[in-house]
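Following: one structure in structure tokens, then a few remarks.
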Amino acid sequence: MRPGLHCLGALGLMAVAAPMRADAQAAGPQSADLLTLRRQIEEERRAMETQQRALDAQKQRLDILEDALLERMRAEGLPMAAPLLPYADVSQTGDNQSSTPQVGVKPPQAPPRVAVLADQGGILSRPGRFVIEPTLEYIRADRNRFVFRGIEIPKSVLVGVFDINESRQDILTAAAVARLGLTDRLELSARLPWVYRQDTAVLVPLIQNPPQSGAGTINTSTHGSGLGDVEVQARYQISDANHGWPYMIAGLQMIAPTGSDPFGLPRSALGNAQRSATGSGFWAVHPSLTLLMPSDPATLFGVFGYTFNFGRDVDTRINDAQIDRVEPGGSPSATIGLGISLNQRTSVSFAYAHNWQFATRSRIRPISILNGVETLGEPITSKTRDLQIGRLLFGISYRATQRTTLDWIVEVGATDDAADVRTTLRIPFELSSPGAKSGQ
């Protein structure tokens, strides 16, 4: 081969090999870096798994120690070191709450939220928090009764008067409710209602025998408005939901007869009231016990109570009777229901409530008129029948903001003595009291 051609071939081989060596030199360091990163990732992953196993084991030991401590403190009757805070139902996630858990401290379980049935009994307001709750309520009662006054000759003739009585009652109440959390377990509240009430009645006596025993159709319609009966209540949380026990909240409510007295109303010559009363006319005390059992996402609840009505001397004349004293009967009550959380903002509740209203006793003296002279007869005791008031309840709650909630309740009468329907709209919103601390 000629020397020129040999040199040209060598130069060509060198030109081809140079890029290949450059690529190999560039790829070598890059592969080494990737291998190093992979090794570092695997080492970090193994270290993290080891730390996680250690944390899980430590958490198990901590749970065992905490359970043992709670059992020992409960056995010795000592107060719990970190009681659960009964947060208010309108601000489960307040602005001042910290989202960072404390190391080594078991986070408290928040009490269940049954806001839509708060008038039946719910959780307490947080300490130092002031809650204002505007309320609008409407009640409709429509009753039709067929009454016979007289005697019956078996299988033949009824001698007396048939009365077909139709009565309607509409009550609209606008109330302002205020609640204040004094401590972790104590809450005070007050309710100031304004009442508008309208009563309509139609009495149709059907004269049978004798003809002079009755009169024509009687229509009456009255209405009244003004301040209703003011209510004041104190509630105290007895226990937390630990080891299968429910939250237990005791309440004591006092009802003052600040509304218009039904025995002090102006009346017609026949004794019919010419205005509608806005109050009951009696003092009352209502102790209660509320049980809340969380079962995520639902909450079982029950409210049990008894209303003590205090009788009084009314000294009122109605038509031809002098009423000396009236003693309303007591009323045991119970509510059982279920609340379900649909999401972070919306919840629904279902319940059945029943009141047994015992009979009212009245001491009455009949008035007889002879030759224009009125004479009081001997006192007699009149007694009404017991009332069974059962209602089916449905409620829905929507948390508009962290401090405001919209609650709507519908009650439908399940017994003859209950109102046909009752619907309530509540809009509770939370304020900080002047003495509230930012960390509460």
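Brief remarks follow.
- Where labels lie 7 Å past Cα in the beta-carbon direction, separation of residue 184 and residue 368 in nm: 7.1
- From most to least packed by mean Cβ count within 10 Å, the peptides 45-54, 253-262 give 253-262, 45-54.
- Near the amide H of residue 282, within less than 5 Å, lie no amide hydrogens of residues on another chain or at least 5 residues away, with H placed in the peptide plane.
- Phi-based couplings in Hz for the range 392-406 (Karplus 6.51, -1.76, 1.60; Gly and Pro marked x): 9, 10, 9, x, 9, 10, 10, 8, 5, 9, 5, 10, 10, 9, 10
- Length gained on full extension, residue 316 to residue 36: 90.7 nm, using 0.36 nm per residue less the C-alpha separation.
- For the range 289-334, the list of chymotrypsin sites (Phe, Trp or Tyr not before Pro) that fall in a loop by DSSP and count at most 15 other C-beta atoms within 10 angstrom reads 310.
- Stretched out straight at 0.36 nm per residue, the stretch from residue 43 to residue 263 would grow longer than its current Cα-Cα span by 70.5 nm.
- Counting only protein heavy atoms and a 1.4 Å probe, the range 276-321 has 48 square angstrom of accessible area per residue.
The values are calculated or read from the model by the stated rules, or taken from the named source; none is laboratory data. Keep in mind it's a predicted model, so treat the numbers as computed, not measured. Cβ coordinates were reconstructed from backbone atoms using ideal geometry, including for glycine residues, and neighbour counts include every protein chain displayed. In case anyone asks, the SASA skips ligands and DNA or RNA and just uses the protein heavy atoms, side chains included. Shrake-Rupley method; radii C 1.70, N 1.55, O 1.52, S 1.80 Å.
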